[in-house]
1. Rank by packing, highest mean first: peptides 98-104, 177-183, with packing defined as the count of other Cβ atoms within 10 Å averaged across residues.
2. Excluding Lys287 itself, calculate the net charge of residues whose Cβ lies under 12 Å from the Cβ of Lys287, where each Lys or Arg counts +1 and each Asp or Glu counts -1.
3. Equivalent-ellipsoid semi-axes (√(5λ), Cα gyration tensor) for region 75-190, whole Å, largest first?
4. If neighbour count is taken as other Cβ atoms inside 10 Å, put Lys158, Lys108, Lys234 in order from fewest to most.
5. Mean separation of Cα pairs under 8 Å and 6+ residues apart, divided by the residue count of region 84-166: what relative contact order is that in percent?
6. How high is the relative contact order of region 199-313, in percent, with contacts defined as C-alpha pairs under 8 Å that are six or more residues apart?
7. Would you mind checking the pairs Lys225/Lys273; Lys151/Lys187; Lys161/Lys234; Lys98/Lys230 and listing those with alpha carbons more than 23 angstrom apart?
8. Lys and Arg at +1, Asp and Glu at -1: add these up for the other residues within a Cβ distance under 14 Å of Lys158 and post the number.
Amino acid sequence: MSHSNKERNLQLSPFILFFAALGVVLLIFPLYSEATLESNLVANSQSKDSMVDKKSLPFTDLEFPSVVKKSSTEKSEDLSVSELEKLASAGQPDAMFKLGKKYYDGNKLPKDYKKAIQWFEKSAKKGNSDAMYYLGIMHFNGEGARQSYGKARRWFEKSAKSGNVSAMPILGAMYYNGVGIRRNYGKAREWLEKPALEGDDNAMVMLGTIHMLGQGVPVDYEKAKQWFEKAVEKGNDNAMTCLGAMYYGGIGVLVDYEKAKQFFEKAAEKGNKEAMLNLATMHLEGKGVPVDYDKAREWFEKAEGIKSNTEEQ
């Protein structure tokens, strides 16, 4: 499904757009220097049972919890490069990780992925879960090493099993999409629950999706709605779009076009492309609002001006 043609947009139903919104199972990746991870996961998804093309999923710039937990980095946060090098050479795992991170980011040191990997590996061998996390990212993206989804998954899994909450939703998405491992919705749900309970709104939306579509669990619209509502409380625009579509289609709730419109408008204010397309469809079809072709065209045009994170940058 492509949103590049306005005539095709006119034919899209909000129900189809709802399933596009449900594609936010991939929205768990930090969108900065590690952003390649996100687009690679979409492009390499082995999904065959989705109703929409993965390339049209509604990625947006989301706030994401710090990749590195304060507890593992605060000891070396204020140290100079030379001090870090001394501690790292002496075998201090946090210093090894921090030094690797500086090489990874090019922060006060030239960017050097090979040196970053070397220090991350040394730190990971001593049990540093953040180093394991970054090794997962680097193997996924092919940074400093040949790209390997299998190795990436194994590092994310080691990190997650060591208690790194940041690795858990990524691991959940890999199991969900069958990337680097055979697809397993049960494992996906297992790794998503802890971060969701700890407040990760993207994990909440993924769990809502799983219950919405009955993937590895019985279809449960009420649980899906509850997870979407929790994510909405945290300002997640994809959850707003999903809830709006539930009210629009009467999926597990009574049809309520006014509520649907309110959720779509809130999501659209945050730049959510699918919400804009849904609002355009409502104005086009006169559902909950008077038929207004000008407003429909306006929303379609706004949506066309937004690039998904999976589109060419």
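Since every read-out is calculated from the coordinates, none of them should be taken as a lab result. This is a predicted model, so every value here is computed, not measured. Note that we place each Cβ from the backbone using ideal geometry, even for glycine, and neighbour counts take in every protein chain shown.
1. Numbers: 98-104: 24.9, 177-183: 18.4.
Taking the mean over residues of other Cβ atoms within 10 Å, the ranking is 98-104, 177-183.
2. -3
3. Result for region 75-190: semi-axes of 28, 14, 10 Å.
4. Numbers: Lys158 20, Lys108 10, Lys234 14.
Listed from fewest to most nearby Cβ atoms, that is Lys108, Lys234, Lys158.
5. Contact order relative to length: 21 percent.
6. Working: 154 pairs, mean separation 17.4, N = 115.
Relative contact order comes out at 15 percent.
7. From the list (Lys225/Lys273; Lys151/Lys187; Lys161/Lys234; Lys98/Lys230), the Cα-Cα distance tops 23 Å for Lys161/Lys234; Lys98/Lys230.
8. Residues near Lys158 contribute +3 overall.
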